[in-house]
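**Student:** I'd like to ask some things about the structure below.
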Amino acid sequence: MTEPHRLAPETDAAPVPPSAALARLRATGPLVHNITNHVVMQTTANALLAIGASPAMIHSADEVEAFAPIAGALVVNIGTLDSAWLAAMKLAVAAAGQAGVPWVLDPVAAGATPYRTDAAAALARRGPAVIRGNASEILVLAGATAAGGKGVDAAHDAAEAAEAADALAAETGAVVAVTGAIDRVTDGRRRARIAGGDSLMGRITGMGCTASALVGAMLGAGLPPFDAATAALAALGAAGEAAARTAAGPGSLAVGLLDALAALDPAALDRLVEAGSA
Amino acid sequence: MTEPHRLAPETDAAPVPPSAALARLRATGPLVHNITNHVVMQTTANALLAIGASPAMIHSADEVEAFAPIAGALVVNIGTLDSAWLAAMKLAVAAAGQAGVPWVLDPVAAGATPYRTDAAAALARRGPAVIRGNASEILVLAGATAAGGKGVDAAHDAAEAAEAADALAAETGAVVAVTGAIDRVTDGRRRARIAGGDSLMGRITGMGCTASALVGAMLGAGLPPFDAATAALAALGAAGEAAARTAAGPGSLAVGLLDALAALDPAALDRLVEAGSA
Amino acid sequence: MTEPHRLAPETDAAPVPPSAALARLRATGPLVHNITNHVVMQTTANALLAIGASPAMIHSADEVEAFAPIAGALVVNIGTLDSAWLAAMKLAVAAAGQAGVPWVLDPVAAGATPYRTDAAAALARRGPAVIRGNASEILVLAGATAAGGKGVDAAHDAAEAAEAADALAAETGAVVAVTGAIDRVTDGRRRARIAGGDSLMGRITGMGCTASALVGAMLGAGLPPFDAATAALAALGAAGEAAARTAAGPGSLAVGLLDALAALDPAALDRLVEAGSA
């Protein structure tokens with residue numbers, strides 16, 4: 001239960017470009033089980049529907065073990081954590097792990113309180129396929145800093161967290177995605193940088209949570225974790241860029257982002273990604 | 001407490017056309033008590049306000065028994081169920097039943113887990129005035145299938161569920177509404193089919209929950225259950241149709257739907273409904 | 001723990017005009033800790049981000065005492081109260097009080113049930129810097145009436161609650177803000193009236209909660225409670241007025257309101273406020 005989820009040695013497989021990943025997601029319509037925070041449930045459910053996935057928000061300890069195994073992927077997000085939800089998250093990730101269902105950890109505001117940091121670290125040790133956070137959260141999780149950070153904002157630049165992300169990937173066996181002005185994905189050996197998006201996205205709540213949910217959608221479509229994380233961030237980056245072009249502010253950006261996710265041209269994703277190795 | 005809510009024999013009364021039902025709702029401004037899921041609370045509160053009702057989202061076992069009796073109707077939705085909420089739902093429907101307050105059951109994702117199916121069935125036996133679900137949910141509740149279904153999506157067509165709906169109506173004493181491309185309402189003797197809406201509505205979360213909330217608003221305005229369900233689905237169908245005309249995608253559809261609900265021309269509702277009998 | 005929060009004798013200080021308050025908020029980017037209701041979490045987080053604050057929604061008894069002291073302000077909103085949340089609210093306000101962090105109480109639907117009224121009154125005695133409610137809620141809290149009211153709607157006019165607001169301010173040491181067609185702020189000696197807004201705002205859920213959240217943002221920027229409440233209501237009034245100019249209904253008003261909060265011209269705030277004394 002506490003071991004990293006066994007991944008196929010995806011580094012030997014040819015990488016799947018984001019455009020192909022998006023096409024696969026749309027063809028698959030994966031069921032994504034979310035145990036996520038109260039603030040973004042609607043936002044992330046809508047983003048999952050817009051991109052072509054099928055969201056289910058189910059958090060009770062009475063049913064998560066029955067549900068997680070039938071989902072294509074699980075997303076665990078600690079944004080509005082409490083003890084009952086944390087217990088259910090642990091049951092769900094154990095059930096997902098046993099069933100071979102990949103899961104994403106979003107360690108929202110890790111570092112803000114000891115309770116939250118401990119919860120994030122405990123979950124990180126249970127085998128997520130992908131961990132997606134901002135630079136502060138990843139630095140805290142990697143033990144590279146005890147930084148507090150302001151709520152869920154990114155107090156650090158994603159670049160600063162690159163080393164921490166590699167360390168966290170090595171420690172947990174997870175692909176680690178650090179989002180910021182430029183997003184970075186690493187499995188400790190391969191790295192990708194993803195451009196796109198718009199600074200106005202920082203004025204809407206739940207953009208990081210949406211990124212994590214979209215990673216879940218890509219995992220649910222059967223993509224290897226590294227490709228799933230890269231494609232999801234490219235999709236959000238492309239949609240954000242498109243939505244920002246006509247937005248009059250954060251309200252219309254949030255609306256336009258859902259329209260853009262539904263209308264994404266797969267080809268727009270690939271140009272945002274730059275691959276590299278460690 | 002476990003008997004079906006006693007309904008006036010509404011089949012003897014002249015049916016209320018949806019246009020008149022909407023006018024009555026707007027004139028009444030009914031208070032609708034919702035114990036609903038975390039994903040759609042904001043969406044359904046806004047839909048209730050847009051159509052002219054007054055929503056209250058109150059879920060604590062400490063106060064639902066005091067509140068349900070002063071509401072015009074109660075809506076119980078199991079989307080993000082857990083044991084504390086289920087206990088409060090049971091208290092609320094008992095208090096509503098004793099006070100003669102009609103209530104709607106939305107058995108979200110019944111069939112997805114045994115816990116959820118059992119909860120939905122237990123509530124269905126406590127006298128809802130209306131049960132509103134998609135075809136899968138109604139089939140599960142009627143015992144016509146043990147189908148799992150993918151989250152809250154409709155895995156079956158509404159037509160397939162017509163027989164199950166009749167059986168469920170007979171078993172529970174409730175009017176049963178099955179929503180899909182064409183919506184169907186039955187009390188086991190009378191039937192109505194409601195057109196309208198748009199396939200893009202399936203790309204926004206909470207449309208089914210919104211339908212159930214609007215049924216609550218119509219019940220709260222004093223309409224008999226069959227007419228309430230028919231009118232609510234016609235209102236949502238007309239608003240969805242109108243909003244889809246200018247929507248650029250699911251984000252703008254969700255926004256336009258609220259605008260359209262507030263601006264509904266009552267006359268647009270009646271043409272969507274086709275009445276029939278069993 | 002149960003004493004009113006010690007306030008600087010702000011009546012001796014020169015009042016800060018709303019335009020200057022908004023500028024200070026934007027320059028400060030305060031962290032606002034919210035323990036708020038499920039319906040409006042997304043709405044109020046987005047409003048806080050739009051105006052330039054940094055929201056955190058954290059409700060667990062396991063971490064609120066650690067988090068409240070590092071926030072600039074705390075907002076406590078009882079909209080979807082239950083016993084676990086109420087216990088956490090009490091821990092959070094105690095921790096905030098000890099750390100000198102000002103907090104806002106939003107007594108949503110006080111009067112609707114005895115449980116809710118008691119909870120609101122218990123919190124009101126624990127030293128909020130500002131209490132923000134509609135006329136019914138303030139009348140109930142002041143003990144001036146036992147009115148029920150319909151859910152969270154304003155069943156009374158703000159003018160009727162003016163005396164009750166003065167009494168509540170005297171009793172609790174809080175600045176009291178009563179919102180309605182015209183908003184009123186009082187500390188028992190000084191009074192302000194704030195115009196602006198639009199009647200269509202009553203057709204969107206969470207506008208009162210948004211007002212309370214924005215008061216928290218102003219407090220977090222270091223403004224004295226009277227000036228914070230006045231400036232927050234002027235900001236929302238100006239944004240609502242601007243958004244209503246182009247809205248086609250409640251859906252587009254909600255979107256435009258976030259755009260308008262982000263684009264607010266500080267100068268537009270001052271003209272909405274009329275100062276007075278008791």
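**Student:** Name the residue that is farthest from the other protein chains (Cβ to nearest Cβ), counting only residues in the stretch A:217-264 that are β-branched (Val, Ile, Thr) and under 21 Å from C:Ala243 (Cβ atoms).
**Tutor:** So the residue we want is A:Thr246.
**Student:** Further, regarding this structure: Tell me, yes or no, whether the stretch C:228-239 has at least one residue that is closer than 17 Å to C:Leu141 by Cβ and of a type outside the set (D, E, K, R).
**Tutor:** yes
**Student:** OK, next. Take the stretch C:95-123 and flag every residue that is more than 14 Å from chain B (Cβ to nearest Cβ), closer than 19 Å to C:Asp82 by Cβ and assigned to a helix (DSSP H, G or I).
**Tutor:** Within the stretch C:95-123, C:Ala121, C:Leu123 meet the criteria.
**Student:** If you go through the stretch C:198-207 one residue at a time, do you hit one that is touching a helix residue (DSSP H, G or I) at 6+ places or on another chain (Cβ under 9 Å), charged (D, E, K, R) and within 14 Å of chain B (Cβ to nearest Cβ)?
**Tutor:** yes
**Student:** Does at least one position in the stretch C:33-46 carry a residue that is of a type in the set (S, T, N, Q), in a helix (DSSP H, G or I) and in contact with a strand residue (DSSP E or B) (Cβ under 8 Å, 6 or more places away or on another chain)?
**Tutor:** Yes, the stretch C:33-46 has at least one match.
**Student:** Go through C:Ala66, C:Ala61, C:Ala56, C:Ala50 for me and flag whichever is facing chain A (nearest Cβ under 9 Å), touching a strand residue (DSSP E or B) at 6+ places or on another chain (Cβ under 9 Å) and either touching a residue at least 24 places away in the same chain (Cβ under 8 Å) or small (Gly, Ala, Ser) (or both).
**Tutor:** So the residue among C:Ala66, C:Ala61, C:Ala56, C:Ala50 that is facing chain A (nearest Cβ under 9 Å), touching a strand residue (DSSP E or B) at 6+ places or on another chain (Cβ under 9 Å) and either touching a residue at least 24 places away in the same chain (Cβ under 8 Å) or small (Gly, Ala, Ser) (or both) is C:Ala56.
**Student:** Give C:Arg191, C:Arg184 a once-over and let me know the one that is under 14 Å from the mean Cα position of the chain (by Cα) and modelled with pLDDT of 95 or more.
**Tutor:** Exactly one residue qualifies, and that residue is C:Arg184.
**Student:** Still on this model: Exactly one of these conditions fails for C:Ala159: (1) more than 14 Å from chain B (Cβ to nearest Cβ); (2) modelled with pLDDT of 95 or more. Give me its number.
**Tutor:** (2)
**Student:** Next up: Which of the residues belonging to the stretch A:20-53 are within 18 Å of the chain's Cα centre (by Cα), among the polar types (S, T, N, Q) and farther than 21 Å from A:Ile78 by Cα?
**Tutor:** none
**Student:** Shifting gears a bit: Taking the stretch A:121-134 as the search range and keeping residues that are among the small types (Gly, Ala, Ser) and under 14 Å from the mean Cα position of the chain (by Cα), which one is surrounded by the fewest Cβ atoms within 10 Å (Cβ to Cβ)?
**Tutor:** Selected residue: A:Ala124.
**Student:** Shifting gears a bit: When residues of the stretch C:69-91 are filtered for being part of a helix (DSSP H, G or I) and within 17 Å of the chain's Cα centre (by Cα), how many remain?
**Tutor:** Qualifying residue count for the region: 1.
The values are calculated or read from the model by the stated rules, or taken from the named source; none is laboratory data. Remember, it's a predicted structure, so these values are computed and weren't measured experimentally. Because the Cβ atoms are built from the backbone with ideal geometry, glycine has one as well, and the counts that use them run over all protein chains shown.
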